[in-house]
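Written out below as C-alpha cells is the structure these notes cover.
The values are calculated or read from the model by the stated rules, or taken from the named source; none is laboratory data. Since we're looking at a predicted model, the values are computed, not measured. Methodologically, a virtual Cβ is constructed for each residue, glycine included, from the backbone with ideal geometry; neighbour enumeration extends over all protein chains shown.
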Protein chains: 4
Amino acid sequence: MRQVVILINLKTYREGLGQNAHRIARAAEEVASESGALIGICPQLVDLHPLARHFEIPVYAQHVDGVPPGAATGHVTADALKLAGAKGSLINHSERRLTLAEIEASVRVCEQNGLTSVVCTNNVMTSAGAAALSPSFVAIEPPELIGSGISVAKADPGIIRNSVEAIRKVNTGVKILTGAGIQSGDCVRIAIELGTDGVLLASSVVKADDPGAVLRDLVSQL
Amino acid sequence: MRQVVILINLKTYREGLGQNAHRIARAAEEVASESGALIGICPQLVDLHPLARHFEIPVYAQHVDGVPPGAATGHVTADALKLAGAKGSLINHSERRLTLAEIEASVRVCEQNGLTSVVCTNNVMTSAGAAALSPSFVAIEPPELIGSGISVAKADPGIIRNSVEAIRKVNTGVKILTGAGIQSGDCVRIAIELGTDGVLLASSVVKADDPGAVLRDLVSQL
Amino acid sequence: MRQVVILINLKTYREGLGQNAHRIARAAEEVASESGALIGICPQLVDLHPLARHFEIPVYAQHVDGVPPGAATGHVTADALKLAGAKGSLINHSERRLTLAEIEASVRVCEQNGLTSVVCTNNVMTSAGAAALSPSFVAIEPPELIGSGISVAKADPGIIRNSVEAIRKVNTGVKILTGAGIQSGDCVRIAIELGTDGVLLASSVVKADDPGAVLRDLVSQL
Amino acid sequence: MRQVVILINLKTYREGLGQNAHRIARAAEEVASESGALIGICPQLVDLHPLARHFEIPVYAQHVDGVPPGAATGHVTADALKLAGAKGSLINHSERRLTLAEIEASVRVCEQNGLTSVVCTNNVMTSAGAAALSPSFVAIEPPELIGSGISVAKADPGIIRNSVEAIRKVNTGVKILTGAGIQSGDCVRIAIELGTDGVLLASSVVKADDPGAVLRDLVSQL
C-alpha cells in the first residue's frame with residue numbers, strides 16, 4: 001500500500017513563519033512518526049534551510065524557477081533548494097502561476113537535481129496537461145474548493161474523480177494530491193478513496209491553535 | 001486526405017501591417033485557390049476586421065484571452081474576435097507565453113465561440129501537455145529552429161517526430177503544425193511526412209519581396 | 001480655459017462591442033458637438049479601425065506595447081495603432097498592469113508615433129512615478145473607488161487632491177484625469193475643481209440604456 | 001562625508017551559493033572593516049538566514065513582494081526577510097521586473113518593516129519614476145552597460161549623470177547607486193564623482209578567483 005502524503009503549505013502566513021514554522025514542523029514530525037504518514041512542510045524560502053537542518057520530515061519549497069544557475073536575480077534555482085536541504089518544490093500554485101513552458105522547465109530542473117516536483121492545477125483539463133509533463137505529483141486545486149470553507153468530504157467530489165481519470169489516461173505513474181477542501185480526517189479518507197495519494201493543505205493546519213491536534217485528526221482514518 | 005494547412009503569422013512586422021497585410025492576403029487567396037491548400041493569415045488585431053471583410057481566406061488572431069466579456073481592459077475576448085470575422089486564434093506563441101490555466105481558458109473560449117484554437121509549444125513535453133487541453137491544433141515551435149535560418153528540411157527532424165508521437169499518445173484527434181524552420185516546398189513536404197497537418201510560418205513569407213512566389217514554392221510539392 | 005476631456009473605456013463589455021461600440025460612439029459624437037467637451041472612446045482593438053473610419057471623435061486603444069515593429073506576436077505596436085487611425089492609448093490600466101520599464105517604453109513609442117499616452121495609476125506615489133515618465137496624461141484610478149459604486153462626488157476626494165499635488169511637484173505640464181468613481185455631472189464638476197482635466201470612465205456609460213443621456217448629464221455642469 | 005556603498009548581487013550563480021556565499025561574505029566583511037565602506041551582500045533567499053546569522057555585514061534579499069502576510073504562496077514577504085535578519089532588498093532588478101504598482105507596494109512594505117529598499121531602473125526616465133516612489137535607493141542599471149564588459153570608467157558616463165540629475169529633480173533625499181559597468185576602483189571612484197552613493201555589482205566579484213582582491217581594488221581609490 002502506498003504511503004499517504006500530507007503536504008502542509010505554510011504560504012506567507014505569519015502563523016507559519018520563523019518560530020511558528022518550527023512549531024508546526026515539530027508537530028508534523030511527531031504525527032508522522034506516530035502515524036506512518038509522510039508529512040511534509042512547505043515554508044517560505046528564508047525558513048527552508050533552518051527547517052531542513054532541524055527536522056527529519058521533508059521540507060519543500062513553494063516555488064522553483066526552471067532556470068539554470070547564472071544571471072537570474074530574484075529567482076529560485078533547484079540547485080539552491082537542493083543545497084539548502086529541500087526535498088522538492090511546489091510548482092504553479094494557484095497563487096504563483098507559471099507559463100506552460102516554465103512549468104515544464106521547473107519539472108526538469110527538479111528531476112536533474114533529485115527533487116520531487118508537485119505541479120498544482122485548477123481543473124480536469126489542466127490536470128491532464130500537467131500530468132503530460134511527468135512531474136512527481138499533480139496536486140488538483142479546484143477553485144470551487146479553495147478557501148471556500150467547503151470540504152471535499154461534503155462537496156460533490158466529481159471534479160477530483162474526473163481529474164484523476166483524466167490524469168490516468170495521460171500518465172499512469174504520476175502521483176496525485178487532493179489540493180483543496182481538506183479539513184478533517186474524513187476529507188483525507190475521501191481523498192484517498194477517490195484515488196489520490198494524499199492531500200495538500202494550508203490554513204486548517206497553519207492557523208490552528210494546536211496544529212498537532214489537527215494533524216492527528218487528518219491521519220485518524222488511515 | 002487531409003487538407004494541408006499553411007498559417008502565415010504576420011507578427012508585428014511593418015511588412016505585414018495595413019496595406020501590406022492586404023497584399024499578403026491577396027497573394028495567399030490566389031495561391032490557396034490554385035493549390036487547394038488552406039492558407040490562413042494572422043494579422044495584428046487592428047487589421048483583423050478589414051482583412052476578414054475583404055478576403056475569403058481564414059483570418060486568425062495572434063492571441064486571445066480566456067476571459068469572459070466584462071471588465072478586462074486591454075484584453076482580447078473570443079466574442080470580439082468572432083464578431084470581427086476571425087476564424088480562430090494562435091494561443092501561447094513563443095512571443096506571448098501564457099500560464100497553463102490561461103491557455104486552457106483560451107482554448108475553452110475558442111470552443112464556446114466556434115473558433116479554431118492553435119496552441120504553440122516549445123518541446124516534446126509541452127506539446128503533449130498542450131494536446132491534453134484538446135485544442136484544435138498544436139503548433140510545435142522548437143526554439144532550436146525559431147528564427148535560426150535552419151530549415152526543418154535540413155535539421156534533425158527528431159524533435160518534430162518525437163513531439164508528434166508524444167501528442168498522439170495523449171490525443172489522437174488534435175491536428176498538428178510544424179511551427180518553425182519552414183522556408184520552402186521541401187520543408188512543407190517534410191512537415192507533412194513527419195505526420196503534421198501543415199505549417200505555421202512568418203518571416204519567410206512576410207518579409208519576401210514577392211509573397212506569392214514564396215507561397216507557390218511552399219505548396220509546390222503537395 | 002482647457003477643454004474638458006471625457007474618455008469612455010469600453011473595456012471588453014459586450015455592450016461596448018461591434019454595433020454597440022458604434023452606438024456609443026454616435027452618442028459621444030453628438031454630445032461632444034453639443035457641449036464642446038473632448039469625448040474620446042477606447043474600444044477593443046478589433047473595433048478600432050472601423051470606429052476611427054466612421055467617427056470624428058478621437059479613438060484610443062486600451063493598451064499599447066512599447067516594442068518596435070518586428071517579431072512580437074500577440075502584441076500591439078504604436079505604428080499599427082497610428083495606421084488604424086487611433087489618436088492614442090491607455091497604458092497600465094488597472095486591468096492590464098505593466099512593468100515600470102514597459103510603461104516608459106509605451107509612452108516613448110506613443111511619442112514617436114504622435115499618439116496621446118494616458119498612463120493609469122493607483123495611488124499618490126504611483127501617480128507621481130508615472131508623471132515622471134512624461135506621458136500626455138496621468139489617469140488616477142484609486143482602487144477604493146473602482147467599481148465601488150462610490151462616486152468621487154460623495155467620497156473623500158483627498159486621494160485625488162493629493163495625487164494632483166504629488167504629480168504637480170514632479171511634472172507641471174502633464175494633464176490629469178480622474179479615473180474612477182465618475183457617475184454624474186456632479187462628479188465631472190468635482191473632478192475639474194480638484195484640478196484634473198477630465199475623467200476616464202466605463203460602465204456608467206457603456207452599460208447605460210441610453211449612453212447619450214448619461215453623457216449629457218456628465219457634461220451638464222461644465 | 002557619506003559612506004560609500006558597495007552592494008554585491010550574488011544572483012543565482014553557483015559561485016555565490018552556499019559555502020561560496022559564505023566565502024564572499026567573509027571577504028566582504030574583511031574589506032568593509034579595512035576600508036570603512038559599507039559592503040552588503042544579496043544572496044539567494046535560502047542563504048539569507050545563515051549569512052545574516054554568521055556575518056555582521058548587511059545582507060539584502062534580491063526581491064521582495066509588496067504583499068501583506070497571508071495567502072501568497074511562492075512569494076517573499078518583508079516580514080519574513082526582517083525575521084531572517086535581512087537589512088533590505090533589491091526591487092525590480094532587470095532580471096526580475098515588477099509592475100509600477102508592485103514596485104511601490106514593495107517599497108512601502110520595506111518601509112513598514114524597517115528594511116532598506118533598492119529599486120533598480122533602466123534609464124533616465126524610469127530612474128526619475130522610481131525616485132518619485134521614495135525608496136531608500138535607486139540603482140541605475142543602463143542596459144547598454146549590463147554584462148557588456150564595458151566599464152562605466154571608459155564608457156560615456158552621460159546616462160549616469162543624466163539619471164542623477166533627473167532623480168534629483170524629483171527627490172533630493174533618495175540615495176543612488178551606479179548599477180552596471182563596475183569592474184575596478186576607477187569605476188567606483190567615477191561612480192562617486194558622478195554623484196552616486198556607491199555601486200551595485202555582481203559577476204566581477206562573484207566569479208572572481210579571489211573576491212577579496214577584487215573588493216580591495218574596488219575600494220582602493222576612496
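Quick notes
- Taken over the stretch A:172-206, residues that are over 19 Å from A:Pro143 (Cα atoms) and surrounded by 21 or more Cβ atoms within 10 Å (Cβ to Cβ) amount to 3.
- Selection status of D:Val199, within 15 Å of D:Ile39 (Cα to Cα), assigned to a strand (DSSP E or B) and within 14 Å of the chain's Cα centre (by Cα): yes
- Residues that are of a type in the set (A, V, I, L, M) and within 20 Å of C:Gly40 (Cβ to Cβ) within the stretch C:104-137 comprise C:Val107, C:Val109, C:Leu115, C:Val118, C:Val119, C:Ala130, listed in sequence order.
Residue by residue, here is whether (1) on the phi < 0 side of the Ramachandran plot; (2) acidic (Asp, Glu) holds:
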residue	(1), (2)
B:Ile140	yes, no
B:Ile146	yes, no
B:Val164	yes, no
B:Lys175	yes, no
B:Ile190	yes, no
B:Gly198	no, no
B:Leu201	yes, no
B:Asp209	yes, yes
B:Ala213	yes, no
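- Candidate set from the stretch D:56-66 (those that are under 30 Å from A:Leu200 (Cβ atoms) and in contact with a strand residue (DSSP E or B) (Cβ under 7 Å, 6 or more places away or on another chain)); member that is surrounded by the fewest Cβ atoms within 10 Å (Cβ to Cβ): D:His63
- For the stretch D:153-188, residues that are hydrophobic (A, V, I, L, M, F, W, C) and within 11 Å of D:Val199 (Cα to Cα) total 6.
- Qualifying residue in the stretch B:33-55 (condition: touching a strand residue (DSSP E or B) at 6+ places or on another chain (Cβ under 8 Å), more than 8 Å from chain C (Cβ to nearest Cβ) and among the charged types (D, E, K, R)): no
- Residues of the stretch A:8-36 satisfying the condition of being in a loop (DSSP other than H, G, I, E, B) and among the hydrophobic types (A, V, I, L, M, F, W, C): A:Leu10, A:Leu17
- Test for B:Arg168: is it more than 14 Å from chain A (Cβ to nearest Cβ), over 20 Å from B:Ile146 (Cα atoms) and either touching a His at 6+ places or on another chain (Cβ under 8 Å) or surrounded by fewer than 21 Cβ atoms within 10 Å (Cβ to Cβ) (or both): no
- Only one entry of A:Ala180, A:Ala208 meets the criterion of being part of a loop (DSSP other than H, G, I, E, B), at pLDDT 95 or above and under 25 Å from A:Glu95 (Cα atoms), and that entry is A:Ala208.
- Number of the exception - B:Leu215 against (1) surrounded by fewer than 17 Cβ atoms within 10 Å (Cβ to Cβ); (2) closer than 17 Å to B:Val31 by Cα: (1)
- Here C:Ile146 does not fit the description of being in contact with a Gly (Cβ under 7 Å, 6 or more places away or on another chain), more than 22 Å from C:Ser33 (Cα to Cα) and either surrounded by fewer than 17 Cβ atoms within 10 Å (Cβ to Cβ) or of a type in the set (S, T, N, Q) (or both).
- Test: residue in the stretch C:88-100 that is in contact with a Phe, Trp or Tyr (Cβ under 7 Å, 6 or more places away or on another chain) and not aliphatic (A, V, I, L, M): yes
- Residues that are closer than 20 Å to B:His93 by Cβ and β-branched (Val, Ile, Thr), drawn from the stretch C:60-92: C:Val64, C:Val67, C:Thr73, C:Val76, C:Thr77
- The set of residues in the stretch D:37-78 that are small (Gly, Ala, Ser), assigned to a loop (DSSP other than H, G, I, E, B) and free of Cβ contacts under 8 Å to residues at least 12 places away in the same chain comprises D:Ala71, D:Ala72, D:Gly74.
- Residue check, A:Thr77 on the phi < 0 side of the Ramachandran plot, surrounded by 24 or more Cβ atoms within 10 Å (Cβ to Cβ), of a type in the set (Ser, Thr, Tyr) and at the interface with another protein chain (Cβ under 7 Å from one of its Cβ atoms): yes
- The residues on offer are A:Val64, A:Val59, and the sole one that is within 12 Å of another protein chain (Cβ to nearest Cβ), closer than 22 Å to A:Arg2 by Cβ and under 15 Å from the mean Cα position of the chain (by Cα) is A:Val59.
- Within the stretch B:119-152, the set of residues being of a type in the set (A, V, I, L, M, F, W, C) and either without any contact (Cβ under 8 Å) to a residue 40 or more places away in the chain or over 22 Å from A:Ser127 (Cβ atoms) (or both) comprises B:Val119, B:Ala130, B:Ala132, B:Leu133, B:Val138, B:Ala139, B:Ile140, B:Leu145, B:Ile146, B:Ile150, B:Val152.
- Members of the stretch D:87-109 that are in contact with a helix residue (DSSP H, G or I) (Cβ under 6 Å, 6 or more places away or on another chain) and under 22 Å from A:Asn20 (Cα atoms): D:Val109
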